[in-house]
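Right, one structure below, let's go through it.
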Amino acid sequence: MDAKENAIVIRRELDNHGSEIQQAIGTRQWLDAGQMSRCMWTEVMRDPKLLSCSPRSIVMAVLQCTIIGLYPGAALGHVYPVPFGNQCQVIIGYKGMIELIVSSGAAKAIYAEAVFGDDDYSVIKGTSPKIVHKPQPVEAGEIRDYKNMRAVYAVAVIDETTNVFAEMSRAEVEKIRDGRKGKGGFSPWSSHPIEMAKKTVIRALCKTLPKMPKPMVDHMLIEDRIDCGVAPETAHREIIDAEIDFDSGAKGLSDRINSK
């Protein structure tokens with residue numbers, strides 16, 4: 001099947017599962033099935049590599065976005081659908097992680113920053129830990145890219161008097177990056193390295209938070225399984241069956257997709 005034919009099948013599958021996607025949304029009133037499918041379709045049309053993915057994996061990716069509670073697409077930068085061989089995998093961006101954590105009440109605010117070149121940057125540990133970061137002025141036309149990044153950090157505002165943070169050197173980030181390479185031939189590090197570095201340090205920060213939103217924990221488990229070489233569709237199904245407490249709509253859609 002060529003890309004044009006597959007595009008027709010993908011669009012038909014998204015349309016055919018519209019009512020079930022809406023049912024899977026359940027109590028997540030901020031989501032809409034039509035908008036969810038349109039966002040996914042926009043990304044499929046934007047990235048020709050997604051046209052090589054199986055239509056079933058595209059629908060499963062929509063289901064996963066529904067469970068997470070975030071719309072896919074580069075416009076918001078919350079969740080990105082990416083090709084993994086002939087399967088579609090969704091990856092939460094650092095902005096999506098922040099949205100989930102803040103909306104769950106685990107923190108009042110979260111921000112992540114990269115440290116470049118000659119920035120004035122120091123980390124103080126001990127009984128009064130803090131980060132001091134004074135970025136150097138950027139000249140007109142200057143672009144701060146990954147090759148000039150030397151560290152990254154994330155801060156969570158827990159309440160009016162409590163902040164927690166995590167920080168990593170570039171070498172520490174790259175050690176984690178190299179240890180998490182999956183076997184699908186695609187890595188978002190190649191196109192969004194700074195964003196992925198921020199996501200890496202936010203993941204480290206999450207370990208210090210008092211509670212974590214379950215959809216994000218579930219998705220991190222899926223990412224970990226994929227990093228171990230498990231195909232996205234299989235990893236998604238394993239977590240659906242073992243970890244996620246589905247409402248009947250989401251479970252029904254999953255069962256129907258997997259029965260084909």
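The values are calculated or read from the model by the stated rules, or taken from the named source; none is laboratory data. Because the structure is a prediction, the values reported are computed rather than measured. Ideal geometry is used to build each Cβ from the backbone, glycine not excepted, and the neighbour counts take in all protein chains shown.
The residues of region 47-71 that are surrounded by fewer than 24 Cβ atoms within 10 Å (Cβ to Cβ), without any contact (Cβ under 8 Å) to a residue 60 or more places away in the chain and under 18 Å from the mean Cα position of the chain (by Cα), listed by number, are 47, 50, 71. How many residues does region 76-102 contain that are surrounded by fewer than 24 Cβ atoms within 10 Å (Cβ to Cβ) and touching a Ser or Thr at 6+ places or on another chain (Cβ under 8 Å)? Residues flagged as surrounded by fewer than 24 Cβ atoms within 10 Å (Cβ to Cβ) and touching a Ser or Thr at 6+ places or on another chain (Cβ under 8 Å) within region 76-102 amount to 3. Does residue 224 count as more than 29 Å from residue 124 (Cα to Cα), at pLDDT 75 or above and either over 18 Å from the mean Cα position of the chain (by Cα) or not basic (Lys, Arg) (or both)? Yes. In the set (1) surrounded by 14 or more Cβ atoms within 10 Å (Cβ to Cβ); (2) over 14 Å from residue 90 (Cα atoms), the condition left unmet by residue 15 is number (1).
Here residue 39 fulfils each of the conditions (1) assigned to a helix (DSSP H, G or I); (2) surrounded by fewer than 20 Cβ atoms within 10 Å (Cβ to Cβ); (3) touching a residue at least 12 places away in the same chain (Cβ under 8 Å); (4) not aliphatic (A, V, I, L, M) apart from (2).
Rundown of residues vs (1) under 21 Å from residue 111 (Cβ atoms); (2) among the small types (Gly, Ala, Ser); (3) modelled with pLDDT under 70, yes/no style:
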| residue | (1), (2), (3) |
| --- | --- |
| 199 | yes, no, no |
| 205 | yes, no, no |
| 212 | yes, no, no |
| 230 | no, no, no |
| 248 | no, yes, yes |
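Applying the criterion of at least 3 residues that are small (Gly, Ala, Ser) to the strands (runs of 3 or more DSSP E) found wholly in region 46-150 leaves 109-116.
Going by what's in this entry, would residue 164 be described as in the same structural domain as residue 189 (by TED's automatic domain parsing) and surrounded by fewer than 21 Cβ atoms within 10 Å (Cβ to Cβ)? Spelling it out, residue 164 is indeed in the same structural domain as residue 189 (by TED's automatic domain parsing) and surrounded by fewer than 21 Cβ atoms within 10 Å (Cβ to Cβ).
Taken as a whole, region 146-158 holds no residue that is touching a strand residue (DSSP E or B) at 6+ places or on another chain (Cβ under 9 Å), loosely packed, with under 11 Cβ neighbours inside 10 Å and at pLDDT below 95. Based on what the data block shows, is residue 89 among the polar types (S, T, N, Q) and touching a helix residue (DSSP H, G or I) at 6+ places or on another chain (Cβ under 9 Å)? So residue 89 fits the description; yes.
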